[in-house]
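Before any comments, here is the structure.
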Amino acid sequence: YMGLIVCVNMIMMVISAQQMGTRADASLNAAPLARNGWEETFFEVSDYIFFALYLVDVVVRIYVLRRYWMYDESEGGIMYMNIFDGFLVVTNFLEIFVLPHVISGDASQASSARVVKLLRLSRALRLVRTVNV
């Protein structure tokens, strides 16, 4: 179930990256931009939907497993993958809800954009977690 959601999310991230590349080409006058206007809204809404799905997944697992979510002796000790999933959800929360309010229109925007790109890379790590399982 979650593996399918992660794969669909990865496909959406690839399409979004392609769309950003197309916009970058147009801003450099390297290619014309056919602007429909719905793409940005569509990808933003899909980010919120995927975040909600991941958040529900982590919260339900924490509620069901309770203390075994972090540590289960029968499973070999610390549950690193659960902690990693929690880290990805927190990182995604920061990217979607906190960083847009922190980023301003001044010179710090370039370095903030790099931070956002690194956070998006951490979202891609969720696919690695799915492949390992």
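The values are calculated or read from the model by the stated rules, or taken from the named source; none is laboratory data. Since this is a predicted model, take the numbers as computed values, not measurements. For the accessible areas, the whole protein counts, side chains as well, though only heavy atoms, and no ligand, DNA or RNA atoms are used. Shrake-Rupley method; radii C 1.70, N 1.55, O 1.52, S 1.80 Å.
How much solvent-accessible surface does PHE43 expose, in Å² to the nearest 10, with a 1.4 Å probe and all protein chains in place?
Taking all protein chains as shown, PHE43 has close to 20 Å².
Using a 1.4 angstrom probe on the protein heavy atoms only, line up PHE93, PHE50 by accessible area, largest first.
Descending order: PHE93, PHE50.
Determine the gain in length on full extension of the stretch ILE62-LEU28; use 0.36 nm per residue of separation and subtract their C-alpha separation, reporting nm with one decimal.
Stretched out fully, the ILE62 to LEU28 stretch lengthens by 7.5 nm.
Mind running the shape call on the stretch 25-102? Use the C-alpha gyration tensor, a ≥ b ≥ c as the square roots of the eigenvalues: rounded below 1.5 for a/c, prolate if a/b tops b/c, oblate otherwise.
prolate
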